[in-house]
Amino acid sequence: MENKNNLQVGVTDPDRELFDELIPLPEGTSYNSYLIIGENKTALIDTVDPKNGKELLENIESKLGKFGRKIDYIITNHAEQDHSGSIPLILENYPQSKIICSTKCKDMLLDLLEINEDRIKTVEDNEELDLGNKTLRFIYTPWVHWPETMSTYLIEDKILFSCDFFGSHTSRNDIASTSDVVLQAKRYYAQIMMPFGPAVKKNLNKLSDLDIEQISPSHGPSYNDPKNIINYYTQWSSGVTTNKVVIPYVTMHGSTEKIVNILKEELITRGIKVKMFNMSKTDIGDLAAELIDANTVILATPTVLGGAHPLAGYTAFLLNALRPKIKLIGVVGSYGWASMLNEQICKMICNIPAEILNPLLIKGIPKDRKLIAEFAETIIDKHKVI
Ligand code: FEO
């Protein structure tokens, strides 16, 4: 998004399919980069993924050429390479430029990139930089996404450049409807921010005194109504869960699927919302978004060679990494002759401080609905006191 106060020189990446080789990107993504042109100095806020560096450079040249200016500062809010990876190219093309970053970020940049230490100037929390009629304030906002992250506030124009914070993976910067924005922002929150929920809350609190008229993240669209996305972030990071059960499942010959279908019916008829995800087909971004406010996760898997199906192991690892604020977790599944799957799964979810239900393991196909109904009843009883 471009307005009178900032010049977007970032790039879109509509064909990128995965982020971190893990997160599906149904709409691709964007790497936003902004030029701030003061009366005396020019700053570039964040760069782009290194594979798009040439395009960034062309965008900068096309905008800066009009003003006869060069880049003096590269404001680096975050060291991850999708934002820092083109810094070496900018440093090379603007030999007078300096990187401005947090103290932790400096060490990370030196680890991750081939850059000379004397090109980096660190700033403290709340330090300001005067560009001439444009003043940047650097606000440490750690753990959104890495420990070194900061946000940059353009005081005169009341714009917060938040990097990953409030971002969304989409290459459409012209998203028209609020629901579109929220859908992509929610997926992004679940995948990137949910593991750091307490840090998100602290940073929201820290920013609450700022007079913000626009939030411009480094992925996805800007927000001209910042209260809306801030309210969503407040809700998502609250840790408040709802009367919902999420069931990621794997099925090979249909037995486990029959179990979870019966379980779903038993739960729904008792007023519980259920979301099912077939892990051999699902987009894990959709799964992650449903985990934000779920009371319970039931992971369903058949046995393979005496243990959990590898896709169930993958799901357990994913849950353990995303750290949803669920209160209950349980394993159900179908086995043939032996099963260690509950023990295996429980070892993989050690980061989740949820109560673990006794497993529901059924030999072969489910012939007696009563066992599943009882399992559902246990969940319902526990939901009443969550
Ligand atoms: Fe968009 Fe944590 O990088």
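The values are calculated or read from the model by the stated rules, or taken from the named source; none is laboratory data. Here the structure is a predicted model, which is why all the values come from computation and not from measurement. In this analysis, Cβ positions are derived from the backbone assuming ideal geometry, glycine residues included, and neighbour counts consider all displayed protein chains.
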Just wondering, is there one or more residues in the stretch 351-360 that are closer than 16 Å to Lys264 by Cβ, surrounded by 20 or more Cβ atoms within 10 Å (Cβ to Cβ) and assigned by TED's automatic domain parsing to the domain that holds Val304?
yes
Inter-residue pairs, beta-carbon under 9 Å, first over 19 Å from Ala199 (Cα atoms) and among the small types (Gly, Ala, Ser) and in the stretch 214-235, second assigned to a helix (DSSP H, G or I) and more than 16 Å from the ligand (Cβ to nearest atom), 6+ apart:
Gly220/Val181
Which listed residue is without any contact (Cβ under 8 Å) to a residue 40 or more places away in the chain, under 17 Å from Thr42 (Cα atoms) and in contact with a helix residue (DSSP H, G or I) (Cβ under 9 Å, 6 or more places away or on another chain), from Ile115, Ile90, Ile99
Ile99
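Here are some residues: Lys264, Lys325, Lys244, Lys281. Which one is without any contact (Cβ under 8 Å) to a residue 24 or more places away in the chain and surrounded by 16 or more Cβ atoms within 10 Å (Cβ to Cβ)?
Lys264
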Can you report the number of residues in the stretch 82-122 which are surrounded by fewer than 16 Cβ atoms within 10 Å (Cβ to Cβ) and within 16 Å of the ligand (Cβ to nearest atom)?
2
Extreme residue, nearest to Leu360 (Cα to Cα), among residues of the stretch 212-270 that are among the acidic types (Asp, Glu) and in the same structural domain as Val144 (by TED's automatic domain parsing):
Asp225
Can you report the number of residues in the stretch 121-136 which are more than 28 Å from the chain's Cα centre (by Cα) and of a type in the set (A, V, I, L, M, F, W, C)?
2
Among the residues of the stretch 249-261, is there at least one that is in contact (Cβ under 8 Å) with a residue 24 or more places away in the chain and part of a strand (DSSP E or B)?
yes
Contact list, first residue from the stretch 343-371 and on the phi > 0 side of the Ramachandran plot, second anywhere and in a strand (DSSP E or B), beta-carbon distance below 8 Å, six or more apart or interchain, is Gly364/Ser334
